[in-house]
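The values are calculated or read from the model by the stated rules, or taken from the named source; none is laboratory data. Here the structure is a predicted model, which is why all the values come from computation and not from measurement. Note that each Cβ is placed from the backbone with ideal geometry, even for glycine, and that neighbours are counted across all protein chains shown.
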Amino acid sequence: MSKSNIKNIVSVLISVSCVGVFILFMGTIASSGYQIALVSSLCINIVTLAGLNFICGYGGQLALGQASFVGVGAYATVIMATDFNVSSTAALFITPFITGVLALVVGIPSLRLRGLYFAVATLAFGVIFHQVLLEGGAYTGGPDGRVAILKPLSFFGTQIISNEQKLYFNAGAALLALLVMGLLMKTWFGIGLQASKVSEPASSSIGISVFRSRLAAFVLSGMFAGVAGSLFAFQTMYVSPSSFTLMMSVDLFMVLFFGGLGTFLGPVVAAAILYGFSRWLAAFPDIQPFLLAGVFLFALRSFPLGVGGFVAGIYQRRRIARFQAGKI
């Protein structure tokens, strides 16, 4: 293994460790079961947004169906565990493969499109999924949704029951998602995906398959969403169409834009924004869309590369200064 590869792995591990300390701190200051559940939701959102970062951030495509894939993961977990007697742990591991295959089916025709046309295609998938939930009968529970009668997750003889245990488990899932995202972006796949975002003709000329790279990113995005949906089902024990709306997909993209598309910090900052809205603005649901839109417009004006891009820019400028000073 080359020295640069070791350096990349170490930098990712340090970044993941810093996020772990942040989550641990948030869990420590949580003073009630409700606040602990909010920190657990923050971790689930990190998984969701890390997946969205593959296709929107590193792939440069506007995908507006992430909430639908989260919904597929949540409903698939509930249906498998409740109606088909699949163990909760097995359902958690099977779900990402279901959403990954679905993302493959949706992505093959959709990724032939470009720009807003691709966005509309993913939006159409969200509309179809929402209608399926409403008309799904006993399996989906219709507009009322379903109460999830799920047995606790069990690993190595330990059952995950309490809010604190769920928090630690969801935090582990969030850190693993960030670790996978960070390491994959250091591989040739990640480099090719980012190159195709900058210039498709140039990427194709050096042998990079733009379509295959983006399709792989879209499948990864769907798999991460499936894991998040499964964790959501175990967290809330209730699923309904109102939890996976088209507006949720738009919200996920807007907060990821503010956090920083195509950056490691992007999903973390974006999840923190959603956490803040849930904790301090839960009593004002009518004004949340306006404030979220305001955050998005502020990012467009002041942080076009997002918070993560801003931080990365500072780090890059310092490296350049050190190089010019002969310290590197």
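Any idea how many residues of segment 145-168 are surrounded by fewer than 20 Cβ atoms within 10 Å (Cβ to Cβ) and either assigned to a helix (DSSP H, G or I) or in contact with a Pro (Cβ under 9 Å, 6 or more places away or on another chain) (or both)? Residues in segment 145-168 being surrounded by fewer than 20 Cβ atoms within 10 Å (Cβ to Cβ) and either assigned to a helix (DSSP H, G or I) or in contact with a Pro (Cβ under 9 Å, 6 or more places away or on another chain) (or both): 8 in total. The listed residues are Phe169, Phe118, and the only one of them that is at pLDDT 90 or above, out of contact with any His (no Cβ under 7 Å at 6 or more places or on another chain) and farther than 30 Å from Ser32 by Cβ turns out to be Phe118. Residue under question is Ile160, and the condition is that it be of a type in the set (Val, Ile, Thr), more than 27 Å from Gly107 (Cα to Cα) and touching a strand residue (DSSP E or B) at 6+ places or on another chain (Cβ under 6 Å); does it hold? In short, yes.
What's the total number of residues in segment 12-33 that are farther than 20 Å from Val47 by Cα and touching a helix residue (DSSP H, G or I) at 6+ places or on another chain (Cβ under 9 Å)?
Qualifying residue count, segment 12-33: 3.
Does segment 204-213 include one or more residues that are in contact (Cβ under 8 Å) with a residue 24 or more places away in the chain and either within 13 Å of Tyr58 (Cβ to Cβ) or outside any helix (DSSP H, G or I) (or both)? Checked segment 204-213: at least one residue is in contact (Cβ under 8 Å) with a residue 24 or more places away in the chain and either within 13 Å of Tyr58 (Cβ to Cβ) or outside any helix (DSSP H, G or I) (or both).
Can you tell me which residues in segment 182-226 are surrounded by fewer than 17 Cβ atoms within 10 Å (Cβ to Cβ), closer than 28 Å to Phe125 by Cα and either touching a Pro at 6+ places or on another chain (Cβ under 8 Å) or among the hydroxyl-bearing types (Ser, Thr, Tyr) (or both)? Scanning segment 182-226 gives Ser199, Ser209. Scanning segment 181-203 for residues that are touching a helix residue (DSSP H, G or I) at 6+ places or on another chain (Cβ under 6 Å) and assigned to a helix (DSSP H, G or I) yields Met181, Gly182, Leu183, Leu184, Gly190, Gly192, Leu193, Gln194, Ala195, Ser196, Glu200, Ser203. Look at (1) under 11 Å from Phe218 (Cβ atoms); (2) in contact with a helix residue (DSSP H, G or I) (Cβ under 9 Å, 6 or more places away or on another chain) and you find that Pro96 fails only one, number (1). The residues of segment 121-141 that are part of a helix (DSSP H, G or I) and touching a residue at least 40 places away in the same chain (Cβ under 8 Å), listed by number, are Thr122, Leu123, Phe125, Gly126, Val127, Phe129, His130, Leu133, Leu134.
Return yes or no: is Gly142 surrounded by 13 or more Cβ atoms within 10 Å (Cβ to Cβ) and on the phi > 0 side of the Ramachandran plot? Here the answer is yes, as Gly142 does meet what is asked.
Inclusion of Ser110 among residues that are of a type in the set (S, T, N, Q) and over 17 Å from the mean Cα position of the chain (by Cα) is warranted. Residues satisfying the criterion are absent from segment 175-198 (criterion: touching a residue at least 12 places away in the same chain (Cβ under 8 Å) and either over 23 Å from the mean Cα position of the chain (by Cα) or within 25 Å of Phe84 (Cβ to Cβ) (or both)).
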